[in-house]
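Right, one structure below, let's go through it.
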């Protein structure tokens with residue numbers, strides 16, 4: 001491709017981190033120039049490393065996460081608090097006809113999972129823990145089948161707050177009407193992260209063994225023996241509509257602060273009169289609660305161009321450009337799933353604005369609109385402008401800024417899905433090999 005990025009991040013799995021910084025760069029032939037991002041998160045945080053192991057990142061250090069991702073991605077999450085105490089110390093939970101065994105092989109190469117086994121009594125077989133949550137919140141737990149495969153997450157406000165899961169295949173069974181959503185996400189090696197979302201408060205979280213995914217709320221049954229069981233790990237309760245990375249608690253609630261990444265580049269790295277912003281990005285949720293920005297700007301709201309997941313929009317990517325506070329172009333594109341990685345390119349120059357996503361143009365070329373005067377744009381930020389506001393929440397596999405606009409053919413090649421082999425391509429496109 002004739003155009004070379006003036007700033008790029010993550011290309012071909014190139015990642016380098018240190019406290020307070022993330023290394024972006026400009027490549028000019030055989031020479032490399034640093035284009036660092038500032039980074040803040042005033043707490044530690046967890047991530048999955050390139051060996052598939054769960055790790056804890058130091059304070060103010062970026063996380064490059066390799067969950068289902070061979071080349072890694074920058075993980076940026078909002079502030080969250082795990083409201084549930086003893087989140088992975090299940091022996092401290094109240095037990096009903098249950099036996100617990102610690103130090104089991106767990107998710108992401110850990111060895112602190114728990115085996116939960118039924119007793120043979122005809123009763124409820126569960127563990128539960130008090131939790132103070134109100135309004136919108138998400139319960140989540142990791143689980144894996146052993147002899148038993150069915151598990152229930154429940155609350156005790158009413159009998160309509162429960163969800164059943166089959167750990168043999170990750171399918172969801174009966175869900176009570178007061179749980180708005182229930183999901184099972186495979187995380188490898190037979191483990192699933194189970195999550196339920198509700199906008200009702202709760203005083204207790206229950207983890208129950210059940211006989212089938214059609215069982216009712218906290219249903220009793222007679223266990224056939226006292227040796228059958230399944231594995232559980234890392235329970236979490238968060239005041240939002242989706243779960244985030246593991247936040248382990250003991251005797252008190254724990255908060256992970258937000259990831260903020262901004263302040264890359266200077267005026268010489270941008271052409272204010274034309275260019276392209278490109279990102280291979282994934283959202284953390286399908287419906288965005290608050291806009292999440294990747295922007296170039298002069299550090300004001302008046303002069304900026306942005307790619308974003310827009311507040312209140314479901315599976316939608318928006319691109320806009322403003323000059324002197326006046327909108328010149330504003331394009332929104334509905335896609336299949338914003339939580340998948342999508343390749344987005346926003347090309348701009350005077351009277352020519354184009355958006356390409358995954359190899360296809362979004363709408364027609366906008367042929368009316370102004371751009372900035374030379375030297376206006378000075379910063380690239382994963383925020384609304386060069387501050388913590390509108391911080392991008394999601395995953396960034398690749399980010400590039402180019403100093404000239406591109407043709408349709410170039411934008412197609414930049415954003416079209418690419419495969420490492422014919423077999424990978426055939427599988428991704430649902431062909432039979």
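The values are calculated or read from the model by the stated rules, or taken from the named source; none is laboratory data. Being a predicted model, the structure only gives us computed values, none of them experimental. We place every Cβ from the backbone using ideal geometry, glycine too, and count neighbours over all the protein chains shown.
Is it the case that the range 212-230 has a residue that's assigned to a strand (DSSP E or B), modelled with pLDDT under 95 and over 21 Å from the mean Cα position of the chain (by Cα)? Scanning the range 212-230 turns up at least one residue that is assigned to a strand (DSSP E or B), modelled with pLDDT under 95 and over 21 Å from the mean Cα position of the chain (by Cα).
When residues of the range 31-55 are filtered for being out of contact with any strand residue (DSSP E or B) (no Cβ under 9 Å at 6 or more places or on another chain) and without any contact (Cβ under 8 Å) to a residue 60 or more places away in the chain, how many remain? Spell out how you get there, then give the answer.
Filtering the range 31-55 down to residues out of contact with any strand residue (DSSP E or B) (no Cβ under 9 Å at 6 or more places or on another chain) leaves 31, 42, 51, 53.
Remaining after also requiring without any contact (Cβ under 8 Å) to a residue 60 or more places away in the chain: 31, 51, 53.
The total comes to 3.
Inspect all residues belonging to the range 75-83 and state whether any of them is surrounded by fewer than 21 Cβ atoms within 10 Å (Cβ to Cβ), touching a strand residue (DSSP E or B) at 6+ places or on another chain (Cβ under 7 Å), under 30 Å from residue 223 (Cα atoms) and at pLDDT 95 or above. Taking every residue of the range 75-83 in turn, none turns out to be surrounded by fewer than 21 Cβ atoms within 10 Å (Cβ to Cβ), touching a strand residue (DSSP E or B) at 6+ places or on another chain (Cβ under 7 Å), under 30 Å from residue 223 (Cα atoms) and at pLDDT 95 or above.
Test residue 136 against the criterion of being in contact with a strand residue (DSSP E or B) (Cβ under 8 Å, 6 or more places away or on another chain), within 28 Å of residue 252 (Cβ to Cβ) and crowded, with 20+ Cβ neighbours inside 10 Å, and give yes or no. Quick ask: steps written out before the conclusion?
Numbers: in contact with a strand residue (DSSP E or B) (Cβ under 8 Å, 6 or more places away or on another chain): yes; within 28 Å of residue 252 (Cβ to Cβ): yes; crowded, with 20+ Cβ neighbours inside 10 Å: no.
No: the conditions fail for residue 136.
Inside the range 265-304, residues that are free of Cβ contacts under 8 Å to residues at least 60 places away in the same chain and under 22 Å from residue 326 (Cβ atoms) make up a count of 1.
Annotation: residue 424 fulfils all but one of (1) without any contact (Cβ under 8 Å) to a residue 12 or more places away in the chain; (2) assigned by TED's automatic domain parsing to the domain that holds residue 275; (3) under 29 Å from the mean Cα position of the chain (by Cα); the unmet one is (2). The residue list 401, 396 contains one member that is at pLDDT 95 or above, in contact with a helix residue (DSSP H, G or I) (Cβ under 8 Å, 6 or more places away or on another chain) and on the phi < 0 side of the Ramachandran plot, which is 401.
Against the test of being assigned by TED's automatic domain parsing to the domain that holds residue 377, within 30 Å of residue 404 (Cα to Cα) and touching a residue at least 24 places away in the same chain (Cβ under 8 Å), the options 65, 58, 28, 20 yield a single qualifying residue, 28.
Counting only strands (runs of 3 or more DSSP E) that sit wholly inside the range 30-76, those with at least 1 residues that are touching a helix residue (DSSP H, G or I) at 6+ places or on another chain (Cβ under 9 Å) and farther than 19 Å from residue 8 by Cβ are 45-48, 54-57.
Within the range 224-249, the residues that satisfy the criterion of being surrounded by fewer than 20 Cβ atoms within 10 Å (Cβ to Cβ) and closer than 24 Å to residue 119 by Cα are 224, 225, 226, 227, 228.
Please find, within the range 154-165, the residue that is modelled with the lowest pLDDT out of those that are farther than 17 Å from residue 221 by Cβ and not in a loop (DSSP other than H, G, I, E, B). Can you show your working first?
Within the range 154-165, the subset farther than 17 Å from residue 221 by Cβ is 155-158, 160-161, 163.
In the following step, the residues that additionally are not in a loop (DSSP other than H, G, I, E, B) were identified as 155, 163.
Working: 155: 88, 163: 97.
Restricting to residues being farther than 17 Å from residue 221 by Cβ and not in a loop (DSSP other than H, G, I, E, B), the top hit is 155.
If a residue has to be assigned to a loop (DSSP other than H, G, I, E, B) and either touching a helix residue (DSSP H, G or I) at 6+ places or on another chain (Cβ under 6 Å) or closer than 21 Å to residue 99 by Cβ (or both) to count, how many in the range 191-211 make the cut?
Within the range 191-211, the subset assigned to a loop (DSSP other than H, G, I, E, B) is 199-201, 210-211.
Filter again for either touching a helix residue (DSSP H, G or I) at 6+ places or on another chain (Cβ under 6 Å) or closer than 21 Å to residue 99 by Cβ (or both), leaving 210-211.
Final tally of qualifying residues: 2.
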